[in-house]
Structure formats: C-alpha cells, structure tokens
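Engineer: Below is the structure I would like to discuss, written out as structure tokens.
The values are calculated or read from the model by the stated rules, or taken from the named source; none is laboratory data. Because the structure is predicted, anything quoted here is derived from the model rather than measured. When we count neighbours, we look across all protein chains shown, and the Cβ atoms used for this are built from the backbone with ideal geometry, even at glycine.
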Amino acid sequence: MMQIREITDAEEFNILKSKWNKLLKKSRSNNIFLTHQWLYTWWKYFGEGKRLKIILVEEENGELVGIAPLILEKFYFLKRLTFIGAHQSDYHDFILFPRQEKRVLGAIIEYLYKTSDWDVMDLKEIPEDSETLKVLDGSPYLKRNTVQSTCPVLNLPESWDDLFSNFSKKMRRNLRYNLNYLNNKFQINYENCERNDSLKRNMEVLFELHQKRWRKRGLEGAFINPR
C-alpha cells in the first residue's frame, strides 16, 4: 500500500535532495529543470508570496516512487496549483517511478482532489511525450489540454561543411560576412568550458555580454534583476 505525505516547509524540501535526484534519474521525465538543485534554487529566489505543496508517494518499505513538485499561488481571487519553477523553466512534469506511472500519478491526483486548499490546477509546459499526458488523456481529471510552446530540433550532420551547405543562400552569405568581419576586426579564440573552476567566470562573461546587447537596444535584458 502506498503512503502519501505533503511537504510545505523549505527545510524539508532541502533535505530531499538525494532521494529526489535518485528517483528523477530512474524516471522517464529526467531533465535539468526537474532536478532538486534547479527547483530548490528557484524556490529560494522566486518563492515569495507562494506556498510549497510537494506531494511525495512512498511504498510501505519507504521507497520514494513519486513526486509532485507543486506550489500554491494567488491567481486573481483564486488559489492556483502549479509546478515549482513556473515561468522560468522550460519543462515541467511529475516525477514518477518507471512503469508505475499510472498507479503513482493516480494516487497523487486522487490525493489532490481530496484536499481543499486550491481552486484551479494549471500544469504548464509538460512535454508532449510525457507519461503524465498519456495517463491523464481521456481521464475525468484532464479538463483542457492545449499546445503552449514548440521546441524545434535540428539534427546536426557530421561536419560544419555539411551543415553550412544545408543553409539557404542568404544564410550562407550572412554567415560568411559575419565570420570574416570578426576575424578581420578581432583576434578570435574558441574555448571549451569543461571545468567547474572556469564555469563561474564564463557565466559572468555571458551575463555581461547579454546585458550589453539588450541595453544597446534600450531594453533591460534577462539578468537585470539580481535574483
């Protein structure tokens, strides 16, 4: 028999790191936006005015088999239930033990519908191949399902020359012009960032270049807010 418990405290959320990431790696929804590091950091800086409502599903032996990484927030006069990381993450989902998705997610949904602290459930940016959608499709719990974002994928060829030849004539001309301009005006070096000790320095450069580009356009840029 499965047991369900609810996490509403940030400290309890913090100490879940090891169990959380262990289940995530096993699940079919494994991506960086569902890691404990990403979601706890999001909560730390963007959680003001919201309340944690993380649902954990455990087997009788204590094994964690399901996580619903949710928060409650105000939405006009309603209390909206949504994913942790909303608006800053690209992918959201429930974290479910593989081949047990229907059973575990069913227990989560049943538990949520028995609680009375939310008015509307708004679950955004779930990947279209997610097991969550397969479980909810056709169920009485899924009231409306809409496409929100598209994620184009480009399969890269073996070499730069092959890739370049696939571009349009205009694109090839623009690339040649810009590459020649860079090489004529500046000394260009390419560097792989493969060490943790260089990551912070390179990220600061990225932030600085981003902000310069957007300020030149008279816009704020994504990193103007210290959070």
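Engineer: Name every residue in region 59-71 that is part of a strand (DSSP E or B) and touching a helix residue (DSSP H, G or I) at 6+ places or on another chain (Cβ under 7 Å), in order of residue number.
Structural biologist: Of everything in region 59-71, those that are part of a strand (DSSP E or B) and touching a helix residue (DSSP H, G or I) at 6+ places or on another chain (Cβ under 7 Å) turn out to be 64, 65, 66, 67, 68.
Engineer: If a residue must be assigned to a loop (DSSP other than H, G, I, E, B), in contact with a Phe, Trp or Tyr (Cβ under 6 Å, 6 or more places away or on another chain) and surrounded by fewer than 17 Cβ atoms within 10 Å (Cβ to Cβ), how many such residues does region 72-87 contain?
Structural biologist: Number of matching residues: 0.
Engineer: Over 20 Å from the mean Cα position of the chain (by Cα) and either assigned to a loop (DSSP other than H, G, I, E, B) or farther than 19 Å from residue 112 by Cα (or both) - does that describe any residue in region 40-51?
Structural biologist: yes
Engineer: Sticking with this one: If you scan region 176-196, which residues turn out to be at pLDDT 90 or above and either touching a strand residue (DSSP E or B) at 6+ places or on another chain (Cβ under 6 Å) or charged (D, E, K, R) (or both)?
Structural biologist: 176, 185
Engineer: Same structure again: Could you run through region 93-125 and say how many residues are part of a helix (DSSP H, G or I) and either closer than 15 Å to residue 6 by Cα or modelled with pLDDT of 95 or more (or both)?
Structural biologist: 10
Engineer: Next question. Search region 45-57 for residues that are outside the structural domain of residue 123 (by TED's automatic domain parsing) and pair each with any residue that is buried (at least 16 other Cβ atoms within 10 Å of the Cβ) and part of a strand (DSSP E or B) when their beta-carbon atoms are under 9 Å apart and the residues are at least 6 apart or on different chains.
Structural biologist: Close Cβ pairs (under 9 Å, with a partner that is buried (at least 16 other Cβ atoms within 10 Å of the Cβ) and part of a strand (DSSP E or B)) do not exist here.
Engineer: Can you name every residue in region 121-166 that is touching a helix residue (DSSP H, G or I) at 6+ places or on another chain (Cβ under 7 Å) and of a type in the set (Phe, Trp, Tyr)?
Structural biologist: Once the filter is applied, which keeps residues that are touching a helix residue (DSSP H, G or I) at 6+ places or on another chain (Cβ under 7 Å) and of a type in the set (Phe, Trp, Tyr), region 121-166 yields 141, 164.
Engineer: State which residue is nearest to residue 154 (Cα to Cα) when the search covers only region 166-217 and only residues that are of a type in the set (S, T, N, Q) and surrounded by 10 or more Cβ atoms within 10 Å (Cβ to Cβ).
Structural biologist: Per the criteria, the residue is 166.
Engineer: Could you tell me whether region 214-222 includes any residue that is aromatic (Phe, Trp, Tyr) and within 26 Å of residue 89 (Cβ to Cβ)?
Structural biologist: yes
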